[in-house]
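Read through the structure below, which is laid out as structure tokens, and then see the notes.
The values are calculated or read from the model by the stated rules, or taken from the named source; none is laboratory data. Note that this is a predicted model, so its numbers are computed, not measured. Don't worry about glycine lacking a Cβ; one is built from the backbone with ideal geometry, like all the others, and counts go over all protein chains shown. The area values use the complete protein model at the heavy-atom level, side chains included, leaving out ligands, DNA and RNA. Shrake-Rupley method; radii C 1.70, N 1.55, O 1.52, S 1.80 Å.
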Amino acid sequence: MVVLAASILSKSGKVLVSRQFVEMTRLRIEGLLAAFPKLLGTGKQHTYFETENVRYVYQPIEALYLVLVTNKQSNILEDLETLRLLSKLVPEYSVSLDEEGIGKTAFELIFAFDEVICLGHKENVTVAQVKQYCEMESHEEKLHKLVLQSKINETKDVMKRKASEIEKSKIDKNRGDKGGFMSMGSGRIETSLSEISIPSSGSGFGSGSGFGGLINEVDSFPTKSKGRQPSSATAPPKGSGMQLGKSQKTNQFLESLKAEGELIVEDAKPKAGQAKAATALLTDPITLTAEEKLNVTLKRDGGMSNFDVQGTLSLQILNQEDGLIQVQIETGGNPGILFKTHPNMNKELFSNENILGLKDPNRPFPTGPAGDAAGVGLLKWRMQSADESMVPLSINCWPSVSGNETYVSIEYEASAMFDLQNVVISIPLPALREAPSIRQIDGEWRFDSRNSILEWSIVLIDNSNRSGSMEFVVPPADSSVFFPISVRFTATSTYSDLKVVNIIPLRGGAPPKFSQRTNLVTENYQVM
């Protein structure tokens, strides 16, 4: 089937919208559409007719005609199915089915037609999917704007609170300077600005006073008194009293996002231990990081279509005096791995002695701050294979429809080569109002309702759980809905088994202290 063009015409033959899906000149499409009203017969029950070169398939929509121009070799049944889908889309985007309404939503209709027909062939989509694709709504952008507006409101509330504190401090100071004693004794109240804090609730000084805000911590009102305090200082404020934490609106907003499956990270002050751990990430003078990124594409019926490993060895030096060095490494001897050094490295020295050093021995390696985790690239390597035994984690998915339900069984099998950490298997689901029914699972699960994805999490896969399974039930759906399955994990060992043996100082003396980090991560790991 090849659809040449999809057009909307008025009853008089005026072209309102036309989208061509194959290369053709403007004169030809105008000629084809100009001939349509003349060839249109009256009193006929069928909604198509043919010329010498093309076929017209059309459907009246109130005062308009929706026309598909196809070649004569196309399947008429598929053409009618495409026409039926397009006729459902037109009222979705154009409120009034007349020339004015079509003209206002012309681009929206063209974008919708593009989602249904690609290069003249119909895509397997529904009306709901086309609307979703055309909306291109970014939930991350919406969430970012809401969080930003929340921070702006919080800042405004903090400014109001601080202004109130300063004003109250001035009043108390003026009372003290004028000898402001209470009538029942020498009860002058001495306060300081640092000891005053306004409650976060808007009703602390009477409702509607505008002192509410997103305050994480609320202090008390410590006072030092030399006599009886005035009744205004001891009487409780009217209203609902002091409220700790965030405002109710913010809590409701965050709870609604959590209910939709979003992961909300709230700002929190780091503890002393956490701050020390963050600053102690790079304590050794020299740090070498060997990282491999894994790109794997598995077939749902078994087999592997792509297996690619790309690795890098980077060097990070904190002190300039440690820059004149050479790095001696040891590889695992895997013949399928091809190593490539940086252009500034001495290739002959590496190929003969497995030592990484600059071509100019008097030139030191560049240094960087402790927070720069990228480092300087020394070595790259790549491995490609068609051997399925090299795959660290294989996934099998078995959907089966039984009555009004679809039973999905998923199992994983992990290779003994690696111990996998933080494993997350993401399974796409059909659009659901509620979470699927989990019948059995080895690990934990989480349902992302907004993206309709079920995430299966396993913290660690080692010799105790090299295989596992999960079974869940959803409403009836086609088996292709549950693919592609995406997988994420990390490991502390690599395919290259590269190890740093020694650091050789070129100025002599004792070798400097160094540390090595090894990491295997997934960049694109899918079951198609």
Inset, instruction - Could you work out the local net charge near residue 399, counting Lys and Arg as +1, Asp and Glu as -1, over the other residues with Cβ closer than 14 Å to its Cβ? - result: -3
Inset, instruction - State the volume of the convex hull built on the alpha-carbon positions of region 283-527, expressed per residue in Å³ and rounded to an integer. - result: 143
Inset, instruction - Evaluate E = 1/(1 + (r/R0)^6) for residue 459 and residue 97, where r is the Cβ-Cβ distance and R0 equals 56 Å; express this FRET efficiency to the nearest 0.05. - result: 0.50
Inset, instruction - Could you list, in their original order, any pairs among 145/293; 72/104; 131/151; 131/156; 122/142; 340/513 whose Cα atoms are separated by more than 30 Å? - result: 145/293; 72/104; 131/151; 131/156; 122/142
Inset, instruction - Starting from the Cα of residue 385, step 7 Å along the direction of its Cβ; do the same at residue 123; then give the gap between the two resulting points in nm. - result: 3.7
Inset, instruction - Go ahead and run the numbers for FRET between residue 320 and residue 351, Cβ-Cβ distance against an R0 of 22 Å, rounding to 0.05. - result: 0.15
Legend entry - Spin-label model distance (nm) - residue 140 vs residue 515, 7 Å beyond Cα toward Cβ: 3.0
Legend entry - Calculated FRET value between residue 506 and residue 331, using beta carbons and R₀ = 25 Å, to 0.05: 0.65
Inset, instruction - Return, ordered by residue number, the residues of region 426-464 whose backbone nitrogen is under 17 Å from a label point located 7 Å along Cα→Cβ of residue 409. - result: 438-442
Legend entry - Per residue Cα convex hull volume in Å³ - calculated over region 389-448: 111
Inset, instruction - Pop out the carbon and sulfur fraction of the accessible area of region 409-498 as a percent, whole number, probe 1.4 Å. - result: 45
Inset, instruction - Specify the inter-centroid distance of region 143-166 and region 421-480, based on alpha-carbon positions, in whole Å. - result: 40
Inset, instruction - Could you check how many percent of all C-alpha pairs in region 3-135 are farther apart than 22 Å? - result: 31
Inset, instruction - Add +1 for every Lys or Arg and -1 for every Asp or Glu among the other residues with Cβ under 15 Å from the Cβ of residue 341, and state the total. - result: +2
Inset, instruction - Would you please name the trypsin sites (Lys or Arg not before Pro) within region 494-528 that are DSSP coil residues with at most 15 other C-beta atoms within 10 Å of their C-beta? - result: 507, 513
Inset, instruction - Could you grab the Rg to Rh ratio for region 322-422? Cα atoms only, Kirkwood for Rh. - result: 1.23
Inset, instruction - Would you mind calculating the relative contact order of region 3-135 from Cα pairs under 8 angstrom and at least 6 residues apart, reporting the percent as a whole number? - result: 27
Legend entry - Per-residue HN-Hα couplings for region 21-28 [Karplus 6.51, -1.76, 1.60; θ = phi - 60°; Hz; x = Gly/Pro]: 10, 10, 6, 7, 6, 5, 5, 5
Inset, instruction - Note down, for region 410-499, the three equivalent ellipsoid semi-axes (square root of 5 times each alpha carbon gyration tensor eigenvalue), biggest first, whole angstrom. - result: 28, 13, 11
